[in-house]
1. Test of understanding: among 126, 89, which residue is modelled with pLDDT under 95 and more than 21 Å from residue 474 (Cβ to Cβ)?
2. Inspect all residues belonging to the range 102-118 and state whether any of them is over 23 Å from residue 522 (Cα atoms), modelled with pLDDT of 95 or more, assigned by TED's automatic domain parsing to the domain that holds residue 481 and surrounded by fewer than 16 Cβ atoms within 10 Å (Cβ to Cβ).
3. Hey, among 167, 190, which residue is buried (at least 17 other Cβ atoms within 10 Å of the Cβ), in the same structural domain as residue 472 (by TED's automatic domain parsing) and among the aliphatic types (A, V, I, L, M)?
4. Being β-branched (Val, Ile, Thr) and under 30 Å from residue 347 (Cβ atoms) is the filter; apply it to the range 430-452 and report the residue that is surrounded by the fewest Cβ atoms within 10 Å (Cβ to Cβ).
5. Identify, by number, the condition in (1) in contact (Cβ under 8 Å) with a residue 60 or more places away in the chain; (2) outside the structural domain of residue 226 (by TED's automatic domain parsing); (3) surrounded by fewer than 21 Cβ atoms within 10 Å (Cβ to Cβ) that residue 427 doesn't meet.
6. Cβ-Cβ below 7 Å, separation at least six or inter-chain, first residue in the range 286-305 and at pLDDT 80 or above, second outside any strand (DSSP E or B) and of a type in the set (A, V, I, L, M): which pairs?
7. Would it be correct to say that residue 472 is farther than 30 Å from residue 243 by Cβ and in contact with a Cys (Cβ under 6 Å, 6 or more places away or on another chain)?
8. In the range 193-214, what count of residues is obtained for those that are more than 27 Å from residue 453 (Cβ to Cβ) and surrounded by 17 or more Cβ atoms within 10 Å (Cβ to Cβ)?
Amino acid sequence: MEGRRIRRWRSHNNQTHILPVRLNHPLSNSISCWYCDFKSSILNQPLFRFGRTYSRYLKAWFSMGVGFSLAVLSAVTVILLYEIGQILCLYYGNSQMSNVMSEYLFGFSSTISGLTISVADVGYLCISSIISVSVHELGHALAAASEGIQMEYIAVFLAVLFPGALVAFNHELLQALSKVSALRIYCAGVWHNAVLCAVCAWILFLQPSILYPFYIHAEGPMVLDVSPASPLSGYLSPGDVIISLDDIRINNVREWSQSIVVLTEHSYENSQNHSLEKSMKRSIGKGYCIPYSLVEEGKRVSLEGKEASCPDELSAFITIPCLDQAMPHDDNLEVNHQRDGGELRCFNAKDVLKLEKCGDGWGGLHSNRSSCLCSKEGTCFHPLLSTGEAWVEITYSSPSPLQCSQLGRMRVVDDDNSREKPCVKTFVFVGDAISLKHSVLLTSYQPRWSAKFGARLPYVLEKFLMFTFHVSLTLALLNSLPVYFLDGEAISEVIINYFRFLSSRRRRTVLQYFLFGGTVTSILVFVRVFLVLL
């Protein structure tokens, strides 16, 4: 967390000095049982010279930051009032604002429980935090230099367990500045963090064009890593490219995640009708046109209570009742009763995957096609699943001909976008669909040349930019809050001192009430946001 400016502008005569005015050495540190820091004045002269040389342009630059920071301060104050109204039950709404804050401010989605963070994510977080804090402090230092004030030192500290950084200025010099000049200095950190967010977003937008000479983008997510504990570890390997989920073409990682969310919602809806009786009557979904000859060979399902049980390596299927299904009258196959109920059979899933699809649960089927129309030689069966399970067909391409020859069912991608016409294999995942999202590491970029070393570069760059965006955004919003010990305190103090119709004592009282209310409200709101994440 970025530290508060210790030397703040004040309108009263309180001139208590907390930090030393000068450093005898360019580097120093202080250590106590609850606080330690590292101070440096090496950059004092270079930054001051730069700020004075381009003072005119920097003042115009940071004046824009004043307008932006005041707008953000007003917006976060309104949000705090809205949230405290919900907490106090003054407004009966939903927690949509908390969901938005948790997803876009911290980069997490509230729909995912049991959040975990990897060692690599900790590394991204530390590096992005260092960059974001450095940019923030650089803004304060340059803004002060443009006003003719040289910083005393830059300090990096650890108070108890909370890290932070600050730049120290001479209190008397700050006090002598006009209110507009002081605002430029106090708002510079928030402004620079906002600009850093814009830069990260712009680079993310241009990344496909920047990497175009070396990488192909949005032509199928490529597998970077598969955990040994993943249910997909026996099927996918690094270098494989995902083509589709349930006949829905997947072009990038975002579409992969969105498709899994849809599949999870469908499996949840189906779990509401998980009993055998309801399964036989529920709406039509994913099905396969199984020939009557295979139906006759298939084993009948044995019932254990209300659950269907099949031998090993076989899966339970049930006929889908269709009014438009053309079925012959065959006493041996007992197909007449299928229109009224459903026939249960056990089939080998590998054999079923080769057959034509039916039903309206497939993304690739045309809307003008009959819901479960099959030829006169077959009938439509769909898999019978347990509660919360999803049946997902995953189609992927293998990069090497050697792996191609080892695949069970092969076909050649007859596609204009296919560069090498790789072989393709399809397998079925049966289980919790949401586990697919976290069990494999994907990237939307494919190297134009076979280079394992550079395969992760787009993913690392994208991850770093996203972490930097979220950390910088968090710093900007936190320092815009009207709370103690952050930039929002100094900004609020300068703004309240504009109200000259109030006495100095009244202004101080208003400031204290404003900061106390903002601090308490902010703590309650952040507690609520983290509870949403759990």
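The values are calculated or read from the model by the stated rules, or taken from the named source; none is laboratory data. Everything numeric here is computed off the predicted structure, so don't read it as measured data. In this analysis, Cβ positions are derived from the backbone assuming ideal geometry, glycine residues included, and neighbour counts consider all displayed protein chains.
1. Exactly one residue qualifies, and that residue is 89.
2. no
3. 190 is the lone residue from the list that is buried (at least 17 other Cβ atoms within 10 Å of the Cβ), in the same structural domain as residue 472 (by TED's automatic domain parsing) and among the aliphatic types (A, V, I, L, M).
4. To start, the set of residues in the range 430-452 that are β-branched (Val, Ile, Thr) comprises 430, 434, 440, 443.
Next, only the ones that are under 30 Å from residue 347 (Cβ atoms) stay: 430, 434, 440.
Numbers: 430: 15, 434: 19, 440: 23.
The residue in question is 430.
5. (2)
6. Between residues of the range 286-305 that are at pLDDT 80 or above and residues that are outside any strand (DSSP E or B) and of a type in the set (A, V, I, L, M), the close pairs are 287/320; 288/352; 288/355; 289/355; 290/352; 290/355; 292/333; 295/333.
7. Working: farther than 30 Å from residue 243 by Cβ: yes; in contact with a Cys (Cβ under 6 Å, 6 or more places away or on another chain): yes.
Judged against the criteria, residue 472 is a match.
8. Residues that pass the stated criteria total 5.
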